[in-house]
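Please read the structure below before turning to the comments.
The values are calculated or read from the model by the stated rules, or taken from the named source; none is laboratory data. Worth saying up front: this structure is predicted, and the values here are computed from it rather than measured. All Cβ positions, glycine included, derive from the backbone under ideal geometry; neighbour counts span all protein chains shown. Ligands, DNA and RNA are stripped out before the accessible areas are found, and what is left, the full protein with its side chains, is counted by its heavy atoms. Shrake-Rupley method; radii C 1.70, N 1.55, O 1.52, S 1.80 Å.
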Amino acid sequence: MHARDGWYYLLGTDRDRAGAGGAVTVARARAVTGPYRADPAGPLVRSGPGQPFPGGAVDLLPAPGGGWLLAAAAPDQGGGLVLQRVRWSADGWPRAVGRVTPAARRGGAGGATTAGRAARAGGFGGARLGPEWRTLRRHADPSWLVLADGRLLLRGDGPLAAGHRLSLVARPAAGQGFDFRVVVSGEPDSPLCSAGLVLFRAGTHWHHLHLGWDEALGRVLRLRVRAGDDEGEPAAPVPVGQGPLRLRLSAEEGRARFRWYDTRGGRGRTGWRTIGPVFDPGPDGGPTAGAGALDGGPAGPAYVGVFAQDGTGRRSRATFGEPYYRVAGSGVSSSAEDVV
């Protein structure tokens with residue numbers, strides 16, 4: 001929402017059910033409570049060649065040196081931002097002008113991936129999260145998120161299914177696929193505590209690989225999936241002992257898999273191991289192979305990142321480091337191979 005010259009403006013995206021197109025819409029009212037009326041000229045931006053706005057969050061921003069910009073998260077652009085100039089009409093409506101361009105990238109804690117290129121996922125070495133990272137319905141503050149010594153510390157809170165008070169930090173997942181890796185450290189002591197890597201759409205659509213606790217096995221690695229009304233664990237828990245653990249999620253061409261780096265095997269047996277079956281990373285995908293788009297569907301765009309949850313109320317801690325992210329098809333090989 002924006003207030004300008006006595007009007008309140010609402011900006012949003014409208015996407016068709018097939019996920020193949022959409023538009024950026026604007027409505028306004030004299031009172032913040034409405035009623036709001038849509039721009040009679042129609043959408044501010046429609047999807048199409050050179051117009052990759054619909055599908056990500058959008059906003060109007062003052063431009064450096066004057067004027068305004070329409071900015072949008074673009075999942076299909078590798079999780080980056082795209083910008084377009086905006087002018088205001090004589091009767092007070094925003095109008096998009098000029099060409100869509102990728103947002104300029106800055107160094108420091110950022111370093112996000114742009115389309116067709118690979119980059120490390122910004123790290124956690126800055127004083128604040130880089131611009132590629134997102135939190136959900138919760139501001140990043142020291143009560144649950146701390147950056148220190150190049151690592152991210154999260155205090156576990158509500159479950160992913162709750163949709164609020166989530167200790168979750170994630171970045172848009174590229175629609176054409178991606179490779180994401182992170183090191184997680186934590187000492188869960190209850191089956192209600194978990195922390196790890198997540199592919200998240202909404203409280204009803206997620207896949208996550210996490211450190212947890214099993215009364216019989218001790219600290220374990222578990223894979224849990226929820227797709228709509230279906231929820232379960234498609235793989236048996238793996239005892240992993242103590243110490244940091246490197247986790248990985250790779251997705252490309254409608255096929256995704258979780259892996260973890262096993263250091264227990266001794267000489268010649270150390271390497272990436274797959275856990276669980278190959279699955280469809282799309283909006284309705286469960287633990288089966290298939291085709292799916294990461295950037296649409298009724299559950300919204302996909303995000304990949306890290307989370308911690310604690311159902312005991314003790315808000316146990318987990319730390320994350322060495323995040324790595326690349327867009328699929330960027331020409332950069334991960335070089336890691338499974339050991340079976």
Listed by chain and number, the residues whose amide H is under 5 Å from that of Ser167, excluding neighbours fewer than 5 places away on the same chain and using placed H, are Asp157, Gly158, Ala308
In the neighbourhood of Ala328 defined by beta carbon distances under 9 Å, the net charge of the other residues (Lys, Arg +1; Asp, Glu -1) is -2
Sequence-distant or interchain residues sharing an amide H contact under 5 Å with Phe258, placed H: which? Ile275
Pop a pseudo-label 7 angstrom from the Cα along the beta-carbon direction at both Ser143 and His164 and give the gap in nm to one decimal. 1.3
With DNA, RNA and ligands ignored, accessible area of Val146 (1.4 Å probe; Å², nearest 10): 50
What are the ³J(HN,Hα) values, in whole Hz, obtained from phi via the Karplus relation 6.51 cos²θ - 1.76 cosθ + 1.60 with θ = phi - 60°, for each residue of region 228-233 in sequence order, with x given for Gly and Pro? x, 8, 9, 9, x, 10
Principal semi-axes in Å for region 157-219 [√(5λ), Cα gyration tensor, largest first]: 23, 15, 10
